[in-house]
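Here's the structure we're looking at; comments come further down.
Rule-based calculations on the coordinates, nothing more; no lab input. Worth saying up front: this structure is predicted, and the values here are computed from it rather than measured. A quick note on method: Cβ atoms are made from the backbone with ideal geometry, for glycine too, and the neighbour counts reach across all protein chains shown.
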Amino acid sequence: MSAVVSLSNVHKQFGSLKVLDGVSFEVGRGEVAAIIGQSGSGKSTVLRCINALETIQQGTIDVCGHALHDASLNRRALHLDVGIVFQSYNLFPHLTVEQNIMLAPVSVKSIPKKQARELAREVLTRVGMEAKAENYPEQLSGGQQQRVAIARSLAMSPKLMLFDEVTSALDPQLTGEVLRVMEDLARGGMTMILVTHEMAFARKVASKVIYMHQGKVWETGSGDMLDQPKTAELRNFVGGVSHDRAEASV
Amino acid sequence: MTYHFDFSALLPYWPEFARGIWLTLQLSAISTVLGFVLGTLCAIGRADGSRWVKWLVAIYVEAIRNTPLLVQVFIIYFGIATLGLHVSANLAAVIALVINVGAYTCEIVRAGIESVHKSQIEAAECLGLSRVQTYWHVVLRPAIERVYPAVTSQYVLLMLASSITSQISAEELTAVANRIQSDTFRAFETYIVTGVLYLLLSLVVRICLWLFGLAIFVRRRKLGTAI
C-alpha cells in the first residue's frame, strides 16, 4: 500500500500559539482516516495543511506526490489532485447547483459545457441530488447543500478527499444523509481523510483513526481503538462524547 | 409681479434640445462603461493588490472624492491643452467623468468585494481556479450584485453631473440650454424644460440599469429578489 499522504514531524504555530507539535502519520491509497479530538487539538489545522491552505514551520508533508513543504510547490496542481469539503459548504450562492459543479471542470480543465453538464448530472446522481440541479443553494437544506459540495468536489475526480467537520452544522437526520454519501465513497475506494465528531461513523467506516490532543498525534489505530483506549485522554474523550450523546438523547 | 410663461418661444429649438439630450446620453453611457471598468479594477487593486497599488489607488480615490468635479474638469481640459495636445471638449468631458466616477465606483465595488467571505475564495482555490478565474466567477458577480443599488444611484448621479461639462462647452443638454436661453431671453422656461428633460433622462437611465441588472443577476430574477 503506497502512501497518498505522509506527514513527518510537522510543526505549526499561529504567533506564539503552538497548534501542531510534531505531527506524523501516513494514509495509504483507498484508506479512510478519521481524525478526532477536542476543539483546539489541531485536527482541522492538520487537514488545512494537507491542502496547503496553511503553511508549516517545520517538517514535511507529501500529498499525492506533491511536496508541500517545498517553496516551488505548484498549488494548482495539488488542488487538482485533492478535493476538500468544508463545514460551511461554501457553495457559490449566485450559481445553480449544476453551475456550481460545472464551474471548475469548464474553467480549469476546459471540458466542453455539454460534457460538463453530463458530468454534473452524473455526480449529482451519486449523491442523490439530481432533481435539484436547477436550484440555487439557498433553496436547499444544509444536508442537501453539503451533498452538492461533495458532488462539486467529485466532479474534479480527485485522488484524495478531505472532509472538514462536514456534518457539524447539521441536525441528526441531515447528518445521516451526508454520512451515507461518504460511506458510499469510502466503499468505492476513495482515499479520504475526515475530521469528525461522529464517533460511530469513524468506528464503522474508518480504516485508521487518529486521535489528536494538544497538537500531537496521541493515539492511532483501527476503529476498534475507540472501544479500548490506551491513554487516559482518549478514554476521557470517548467517554465525554458518548456521555454527551446520552444526555442529548434524554 | 406677474410673469407670463411663454414656452412657445422654445419650440423652434427642439432639434437643439434633442442634440443636447443625445450628447448627454452618449457622455453618460461611455463614462458609465469606462468608469465602471476603471472603478472595478481599482477596487480589486485596493482589496488585493500589492502595498504600492493599494496606496496609489487610495491617493487617486481620495483626491477625486475630495475635490469638486468642476475643478477636475478644468484641470483635465486645460491641463491637456497645456501639454500641447489637442482634445475636443467632448473627449475631455468623457475623460474627466470617467476619472471622477471611477473613484466613487471603486469605493462601492470594494465594499462589495469585502462582503464576499474568504471561505468562498478558498473554495474556489481548492477547486483549482486561478486568481483571475476566482475573481471573475466567484468574487465579482456576487460583489456587484450586492452593491448594485448603490452603483445605480452613482450612475444616475453621473448623468446629472455631466451637466457640469457645459462649462468647457461640451455640447450636452445644459450647454444647449444655456445657449437657447441667451437667444430667447426665456431663461425660466428654458431651465424648467431642461429640468423636466433631466428628470425623464434619469428615469430612462434607471430603467436601463434595472433591466441590465435583471439580465445579469439571473438568480435574483429567478428567485424574485429585488434588484
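Summing +1 for each Lys or Arg and -1 for each Asp or Glu, what net charge is found among the other residues whose Cβ lies under 14 Å from the Cβ of A:Ala34? Provide the component values of the computation, followed by the final result.
Values: positive: A:Lys43, A:Arg203, A:Lys204, A:Lys208; negative: A:Glu31, A:Asp164, A:Glu165, A:Glu183, A:Glu198, A:Glu219, A:Asp224.
So the environment of A:Ala34 carries a net charge of -3.
Could you tell me the calculated FRET efficiency between B:Phe5 and B:Ser119, based on Cβ-Cβ distance and R0 = 41 angstrom, to the nearest 0.05?
The computed FRET efficiency comes out at 0.05.
Rg and Dmax of segment B:12-223 over Cα atoms: what are they, in angstrom?
In Å, with Rg to one decimal and Dmax whole: 19.7, 69.
Only counting other Cβ atoms within 10 Å, I'd like A:Met199, A:Met102 sorted with the fewest neighbours first.
Numbers: A:Met199 18, A:Met102 23.
Going from sparsest to densest Cβ surroundings: A:Met199, A:Met102.
Going through the cross-link list A:Lys114/A:Lys159; A:Lys113/B:Lys54; A:Lys159/A:Lys208, which pairs have a Cα-Cα distance over 26 Å in this structure? Numbers along the way, then the final one.
Working: A:Lys114/A:Lys159 24 Å; A:Lys113/B:Lys54 37 Å; A:Lys159/A:Lys208 18 Å.
Exceeds cut-off: A:Lys113/B:Lys54.
Using only Cα atoms, locate the centre of segment A:161-176 and the centre of segment A:50-89, then give the distance between them in Å, rounded to an integer.
Each part's Cα centre sits 23 Å from the other's.
Normalised by the residues of segment A:41-145, what does the relative contact order come to in percent, with Cα pairs under 8 Å and at least six apart?
Numbers: 77 pairs, mean separation 21.2, N = 105.
After rounding, I find 20 percent.
Enter the mean number of other protein chain beta carbons within 10 Å of the beta carbon of each residue in A:76-84, as an integer. Could you put the intermediate results ahead of the total?
Numbers: counts 4, 1, 2, 6, 2, 1, 2, 3, 5.
Average neighbour count from other chains, rounded to a whole number: 3.
Let me know the mean shielding of B:126-138 by other chains, meaning the per-residue number of their Cβ atoms within 10 Å of its Cβ.
On the way: counts 17, 18, 16, 6, 3, 0, 1, 4, 1, 0, 1, 8, 6.
Average per residue, whole number: 6.
How high is the relative contact order of chain A, in percent, with contacts defined as C-alpha pairs under 8 Å that are six or more residues apart? Walk me through the numbers before you get to the answer.
Working: 453 pairs, mean separation 64.4, N = 250.
It rounds to 26 percent for chain A.
Sum up the charges of everything whose Cβ sits under 15 Å from the Cβ of B:Lys222, counting Lys and Arg as +1 and Asp and Glu as -1, but leave B:Lys222 out. Intermediate results must be reported in sequence, preceding the final value.
Values: positive: A:Lys132, B:Arg141, B:Arg219, B:Arg220, B:Arg221; negative: A:Glu98, A:Glu134, A:Glu138, B:Glu145.
That works out to +1.
To the nearest 20 debye, what charge dipole does segment A:45-182 have about its Cα centre, counting +1 at the Cβ of each Lys and Arg and -1 at the Cβ of each Asp and Glu?
Values: 14 positive and 14 negative charges, 92 e Å.
With only Lys, Arg, Asp and Glu charged at Cβ, the dipole is about 440 debye.
Considering only the protein assembly as shown, what is the antiparallel percent among its DSSP beta bridges, to the nearest 5?
Details: 21 of 39 bridges.
Percent antiparallel among DSSP bridges in the protein assembly as shown is about 55.
Apply 1/(1 + (r/R0)^6) to the Cβ-Cβ distance of B:Ala18 and B:Trp55, taking R0 = 51 Å, and write down the FRET efficiency to the nearest 0.05. Display every interim value, and only then the final one.
Details: r = 46 Å, r/R0 = 0.90.
Here the calculated transfer efficiency is 0.65.
Looking only at other chains, what is the average number of their beta-carbon atoms within 10 angstrom of each beta-carbon in A:93-101? Let's see the in-between values first.
Working: counts 8, 11, 6, 3, 0, 0, 3, 2, 1.
That average works out to 4.
Net charge near B:Val101, counting Lys/Arg +1 and Asp/Glu -1 over other residues with Cβ under 13 Å of its Cβ? Before the final figure, lay out each step's value.
Working: positive: B:Arg65; negative: B:Glu107.
So the surrounding residues net to 0.
Hey, can you rank A:54-60, A:81-87, B:163-169 by average C-beta count inside 10 Å, highest first? All intermediate terms of the calculation are to be shown ahead of the outcome.
Working: A:54-60: 15.1, A:81-87: 23.3, B:163-169: 20.3.
Output ranking for A:54-60, A:81-87, B:163-169: A:81-87, B:163-169, A:54-60.
Any idea what the relative contact order of segment B:12-223 is, in percent, if you count C-alpha pairs under 8 Å spaced at least 6 apart? Please list the in-between numbers first.
On the way: 219 pairs, mean separation 58.8, N = 212.
Relative contact order, segment B:12-223: 28 percent.
Does anyone have the angle between helix B:51-65 and the longest principal axis of chain B? Alpha-carbon axes, 0 to 90°, nearest 10?
So the helix axis and the longest Cα principal axis differ by about 20 degrees.
Give me a comma-separated list of calculated 3J(HN,Hα) values for segment B:192-200, in order, Karplus coefficients 6.51, -1.76, 1.60 applied at θ = phi - 60°, integers in Hz, x for any Gly or Pro.
The phi angles translate into 5, 4, 4, x, 5, 4, 4, 4, 5 Hz.
Starting from the 7 Å offset along Cα-to-Cβ, what nm value, one decimal, do you get for the label separation of B:Val218 and A:His11?
About 5.1 nm, to one decimal.
Please report, in debye to the nearest 20, how large the charge dipole of segment B:12-223 is about its Cα centre when each Lys and Arg carries +1 at its beta carbon and each Asp and Glu carries -1 there.
Working: 17 positive and 12 negative charges, 135 e Å.
For this selection, approximately 660 debye.
For segment B:1-57 and segment B:167-227, what is the centre-to-centre distance using only Cα atoms, to the nearest Å?
9 Å
Taking C-beta distances below 4.7 angstrom as the pairing criterion, name the unpartnered cysteines of the protein assembly as shown, in sequence order.
Taking the Cβ cut-off of 4.7 Å, the unpaired cysteines of the protein assembly as shown are A:Cys49, A:Cys64, B:Cys126, B:Cys208.
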